[in-house]
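Reviewing the structure listed below.
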Amino acid sequence: MISEYLNRLNSISPLREETKSALSDHISIKKVSKGDNILKYQEICRHIYFIHSGFVRIFYFKNGKDITEWFADEKQFFFSITSYFENKPSQLIIEAIEDCELILLSKSGQDALRNTNLEIANLIIGFYSMSLILSQKRMESLQFETASKRYLNLMHMQPNILQKVPLQYVASFLGITQETLSRIRANL
């Protein structure tokens, strides 16, 4: 599992065996049961997570309402961006929708290694670039695409999502009501 993970990191930015070995000292594995929180409200995010197996939902509460911000599936990375960078308590909650086996890369380890290892610095830039690109695409989708187009894109990118999460989470993620989502689905 760790070697598969290190190969995934290598696909983001090339890493020599010595660098992979140095990273291994800052990697841990965590099993999380369905329904448990990976990151709790007001907890500081100290890792970049990778889903070896399972599925997670990232959400927050606003005015007492549960708002889904993101879903992450197997072989994807996730973290609470603001908490991670600002070292502040997270407003986000990260919940296991399925039993998960996660690989955690510690922020403290990354910080120590990036100052002495150019490959690690480049890997971190790759992580952050991917995160920024996904965030911008999400923002553009919410601002410029119709609800129907957002739904179709989600079905294209994560076609099994309807088997994994309740429709209320999908509607929330798309920025629409459940009623609107039902109308969209009925018209397809």
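Observations, loosely collected:
- Within-9-Å neighbourhood charge of Trp70 [Cβ basis; K, R +1; D, E -1]: +1
- Accessible area (Å², per residue) of region 1-81, counting only protein heavy atoms and a probe of 1.4 Å: 53
- Between the amide H of Phe55 and those of Ile97, Glu98, distances stay under 5 Å, these residues lying 5 or more places away or on another chain, with hydrogens modeled in the peptide plane.
- Within the set [x] 66; [y] 56; [z] 61, the number that percent of Cα pairs over 19 Å apart takes when calculated for this structure is listed as [z].
- If you take all other residues with their beta carbon under 15 Å from the beta carbon of Leu162, and give Lys and Arg +1 and Asp and Glu -1, the sum is +2.
- Efficiency of FRET from Cβ geometry, Leu118 and Lys34, R₀ 25 Å, rounded to 0.05: 0.05
- The label point for Glu179 and the one for Asn153, both projected 7 Å from the Cα toward the Cβ, are 2.5 nm apart.
- Here Ser108 and Asn160 are evaluated by their C-beta separation; at R0 = 35 Å the FRET efficiency comes out at 0.50.
- Around the Cα centre of the chain, unit charges on the Cβ atoms of Lys, Arg, Asp and Glu (plus for the first two, minus for the last two) sum to a dipole of about 440 debye.
- Here region 129-149 is scanned for amide nitrogen atoms under 17 Å from the site 7 Å beyond the Cα of Asn187 along Cα-to-Cβ, giving 144-149.
- Residue ranges 42-51, 86-95, 121-130, 153-162 sort as 42-51, 86-95, 121-130, 153-162 when ordered by packing (mean number of other C-beta atoms within 10 Å per residue, highest first).
- Spin-label model distance (nm) - Lys88 vs Glu140, 7 Å beyond Cα toward Cβ: 2.8
- Protein-only accessible surface at a 1.4 angstrom probe places the residues Thr68, Thr180, Thr116, Thr146 in the order Thr116, Thr146, Thr180, Thr68, largest first.
- Compared with the alpha-carbon gap, the fully stretched path from Ser21 to Ile125 is longer by 35.5 nm at 0.36 nm per residue.
- In degrees, nearest ten, helix 2-12 long axis to first principal axis of the chain (Cα): 80
- Three-way shape call for region 29-99 based on the alpha-carbon gyration tensor, with the a/c threshold at 1.5: oblate
- Relative contact order %, the chain, counting alpha carbon pairs below 8 Å whose residues are six or more apart: 25
- Fraction of accessible area attributable to carbon and sulfur, region 26-125 (%, probe 1.4 Å): 49
The values are calculated or read from the model by the stated rules, or taken from the named source; none is laboratory data. Predicted model, so just to flag it, every value in this text is computed and none were measured. All Cβ positions, even for glycine, are placed from backbone atoms using ideal geometry, and neighbour counts span all protein chains on display. Ligands, DNA and RNA are excluded from the accessible area calculation, which covers all protein heavy atoms including side chains. Shrake-Rupley method; radii C 1.70, N 1.55, O 1.52, S 1.80 Å.
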